[in-house]
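Chemist: Can you keep this structure in mind? I'll have questions shortly.
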Amino acid sequence: MTQAQALAFEPDAQAQRRPGASFAASGVKSLDLQLVTTREAFDALEPEWNTLFACSADASRLFLGFNWNWHWCNHYLGKDGSTLAVITARHEGQLVMVWPLVQQRSSGLRIISFMGAPVTQYGDVLIDRNGPDHRAWLKQGWDYVLATLRPNIVLLRKVREDAAIADVMRQIRAADVNPQRAPYIDLKGTPDFETFERSYASKDRKNRRRKRKRMEETGTVGFRMVTGATEMAASIRQAMQQKRSWLDRQQLVSTALADERFDAFFSAAATSSERPAGCEIFEFTLDGRAIATKITVTDGTHRGLHFTAYDKATEKHSPGSLMFEEMIAAAIAGGITNFDFLAPAAPYKLEWAGTTVAVADYAVPVGMVGRLYQDVYLRRIRPRLQQIAKTGPAPVRRLMSEAVRFLGRRA
């Protein structure tokens, strides 16, 4: 997007100097748009945010709950130089839209992005799309972001193709810098796991039964949902240790798992009774010991499989794959209709899910500095480093992974 294109979306200069100004599209009543930059003001949004969240029915809202973002603020906000830049919109005094944004300044570059990285897996604007004016409101919100925050570049990560903000990104022809697919299973109308399983080839069902039988020969196999704050915290600690051990064996570096805030966030989000964030923990066990763990995020009938770890000693029995059987059966029994594997579309996910939804990162540069960041780093340097980090020799993979992390913070 050129600077001229960006300016075409901006309101007049007088409005730019008034953060609380209202921007109106033709034939649409104006919104009262405000910029929230303090934690106190963010916390004060809780009751209105929850009311608006209850009106939304979008799949992207899985990570848009106030509690999820409240926990994120507790663990991530400000630690990497990020500051709140939440945009709120009210119509006739009622909150009708929230842009959950943060601002970062690095080497003179002003970057606007969704709050939630690295734990949020879908980014979007919170809005009730049943309203007749929601498209115009989104347009006004985008105008306000550019006019008030004056970014060099807007980076919106993990936007589903059916997200509310995706309409705006398509309208302005924003660059897609990281296309992916998120596999999912539509469980609507599925009465039980036996009915669901019959949709798969006989040889696949036999193969899973054979693996399960071999595991049962080594001990008692079980499946459970972990409850109790102490038990959940212990399960998370063990899962994180198993995941890091796997990464070490593969000579890989995860920028998210290299940060202890990742552990602390999930422990708080899963165990909090005052502000539950939809986190659930499931374990596949052998003789009572967890050999595979999955952390999920559930919102109503939508369940996202967020984090997976397993015991290397049982790898030959494919505990993760066997656990999916239990997870899907539990989802059906619990009324889950959207069993979401989240992006990317890894082969082991596609063995179960034949349907996917596109997920993209969008980059909208404003001015020469933003365009240079997009063209040089996002489109050339970063993808090349990521490819080497995945396919190069082990020592090189580790070095390149560290380089991606370093450049991502310092570029």
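The values are calculated or read from the model by the stated rules, or taken from the named source; none is laboratory data. Given the structure is predicted, the values throughout are model-derived calculations rather than measurements. With ideal geometry, Cβ positions are generated from the backbone for all residues, glycine too; neighbour counts draw on all protein chains shown.
Chemist: Please go through (1) of a type in the set (A, V, I, L, M, F, W, C); (2) out of contact with any helix residue (DSSP H, G or I) (no Cβ under 8 Å at 6 or more places or on another chain); (3) surrounded by fewer than 22 Cβ atoms within 10 Å (Cβ to Cβ) for Phe324 and return the number of the only condition it doesn't satisfy.
Modeler: Failed condition: (3).
Chemist: Moving on to the next point. Got a sec? Which of Phe341, Phe266 is within 22 Å of Val357 (Cα to Cα), within 18 Å of the chain's Cα centre (by Cα) and not assigned by TED's automatic domain parsing to the domain that holds Trp72? Steps first, please.
Modeler: On the way: Phe266 fails: within 22 Å of Val357 (Cα to Cα).
Result of the check over Phe341, Phe266: Phe341.
Chemist: One residue is enough: does segment 248-258 have a residue meeting the conditions part of a loop (DSSP other than H, G, I, E, B), touching a Gly at 6+ places or on another chain (Cβ under 6 Å) and not assigned by TED's automatic domain parsing to the domain that holds Thr120?
Modeler: The initial filter retains those residues of segment 248-258 that are part of a loop (DSSP other than H, G, I, E, B), namely 250-258.
Then keep just the ones that are touching a Gly at 6+ places or on another chain (Cβ under 6 Å); that gives none.
Looking through segment 248-258, none of the residues is part of a loop (DSSP other than H, G, I, E, B), touching a Gly at 6+ places or on another chain (Cβ under 6 Å) and not assigned by TED's automatic domain parsing to the domain that holds Thr120.
Chemist: Within segment 156-165, is there a residue that is modelled with pLDDT under 95 and farther than 24 Å from Pro347 by Cα? Full working, then the answer.
Modeler: Within segment 156-165, the first condition is being modelled with pLDDT under 95, and the residues that meet it are none.
No, because not a single residue in segment 156-165 is modelled with pLDDT under 95 and farther than 24 Å from Pro347 by Cα.
Chemist: Something else: For segment 149-198, give me each residue that is among the hydrophobic types (A, V, I, L, M, F, W, C), over 19 Å from Pro100 (Cβ atoms) and buried (at least 22 other Cβ atoms within 10 Å of the Cβ). Please lay out each step first, then the result.
Modeler: Initially, segment 149-198 is screened for residues among the hydrophobic types (A, V, I, L, M, F, W, C), giving 149, 153-156, 159, 163-166, 168-169, 172, 174-175, 177, 182, 185, 187, 193, 196.
Now narrow it down to the ones that are over 19 Å from Pro100 (Cβ atoms): 172, 175, 177, 182, 185, 187, 193, 196.
Within segment 149-198, Ala182, Ile185 meet the criteria.
Chemist: Assess whether Ala309 counts as being in the same structural domain as Ile236 (by TED's automatic domain parsing), more than 30 Å from Asp248 (Cα to Cα) and in contact with a helix residue (DSSP H, G or I) (Cβ under 6 Å, 6 or more places away or on another chain).
Modeler: Numbers: in the same structural domain as Ile236 (by TED's automatic domain parsing): yes; more than 30 Å from Asp248 (Cα to Cα): no; in contact with a helix residue (DSSP H, G or I) (Cβ under 6 Å, 6 or more places away or on another chain): yes.
No; evaluated as a whole, the condition is false for this residue.
Chemist: Starting from residues that are part of a loop (DSSP other than H, G, I, E, B) and at pLDDT 95 or above, keep the ones in segment 67-81 and report whichever is surrounded by the most Cβ atoms within 10 Å (Cβ to Cβ). Let's see the steps before the verdict.
Modeler: Narrowing segment 67-81 to residues part of a loop (DSSP other than H, G, I, E, B): 76-81.
Of the ones still in play, those that are also at pLDDT 95 or above are 76-77.
Values: Tyr76: 22, Leu77: 16.
If we take residues in segment 67-81 being part of a loop (DSSP other than H, G, I, E, B) and at pLDDT 95 or above, then Tyr76 is surrounded by the most Cβ atoms within 10 Å (Cβ to Cβ).
Chemist: A follow-up question, please. In segment 363-382, how many are under 23 Å from the mean Cα position of the chain (by Cα) and surrounded by fewer than 19 Cβ atoms within 10 Å (Cβ to Cβ)?
Modeler: Number of matching residues: 3.
Chemist: Filter segment 156-181 for residues that are in a strand (DSSP E or B) and either more than 18 Å from the chain's Cα centre (by Cα) or under 22 Å from Arg129 (Cα atoms) (or both) and give the result.
Modeler: Of segment 156-181, the ones in a strand (DSSP E or B) are 156-160, 175-176, 180-181.
Of everything in segment 156-181, those that are in a strand (DSSP E or B) and either more than 18 Å from the chain's Cα centre (by Cα) or under 22 Å from Arg129 (Cα atoms) (or both) turn out to be Leu156, Arg157, Lys158, Val159, Arg160, Ala175.
Chemist: Among the residues of segment 126-133, is any outside any helix (DSSP H, G or I), under 18 Å from the mean Cα position of the chain (by Cα) and more than 24 Å from Ala268 (Cα to Cα)? Let's see the steps before the verdict.
Modeler: Step one: of segment 126-133, the residues outside any helix (DSSP H, G or I) are 126-133.
Narrowing further to those that are under 18 Å from the mean Cα position of the chain (by Cα): 126-127.
Now restrict to residues that are more than 24 Å from Ala268 (Cα to Cα): 127.
There is at least one residue in segment 126-133 that is outside any helix (DSSP H, G or I), under 18 Å from the mean Cα position of the chain (by Cα) and more than 24 Å from Ala268 (Cα to Cα).
Chemist: For Ile112, indicate whether it is buried (at least 18 other Cβ atoms within 10 Å of the Cβ), modelled with pLDDT under 95 and closer than 27 Å to Arg379 by Cβ.
Modeler: On the way: buried (at least 18 other Cβ atoms within 10 Å of the Cβ): yes; modelled with pLDDT under 95: no; closer than 27 Å to Arg379 by Cβ: yes.
Taking the combined requirement at face value, the residue does not satisfy it.
Chemist: A follow-up question, please. Restrict the check to segment 43-50 and report whether at least one residue is surrounded by 17 or more Cβ atoms within 10 Å (Cβ to Cβ) and at pLDDT 50 or above. So that I can check it myself, show each step before the final result.
Modeler: Looking only at segment 43-50, we keep the residues that are surrounded by 17 or more Cβ atoms within 10 Å (Cβ to Cβ), and these are 45, 49.
Applying the additional criterion that residues be at pLDDT 50 or above yields 45, 49.
Within segment 43-50, one or more residues are surrounded by 17 or more Cβ atoms within 10 Å (Cβ to Cβ) and at pLDDT 50 or above.
Chemist: Please tell me if Phe262 is crowded, with 16+ Cβ neighbours inside 10 Å and touching a Pro at 6+ places or on another chain (Cβ under 8 Å). Lay out the reasoning, then the answer.
Modeler: Numbers: crowded, with 16+ Cβ neighbours inside 10 Å: yes; touching a Pro at 6+ places or on another chain (Cβ under 8 Å): yes.
Considered against the rule, which asks whether it is crowded, with 16+ Cβ neighbours inside 10 Å and touching a Pro at 6+ places or on another chain (Cβ under 8 Å), Phe262 comes out as yes.
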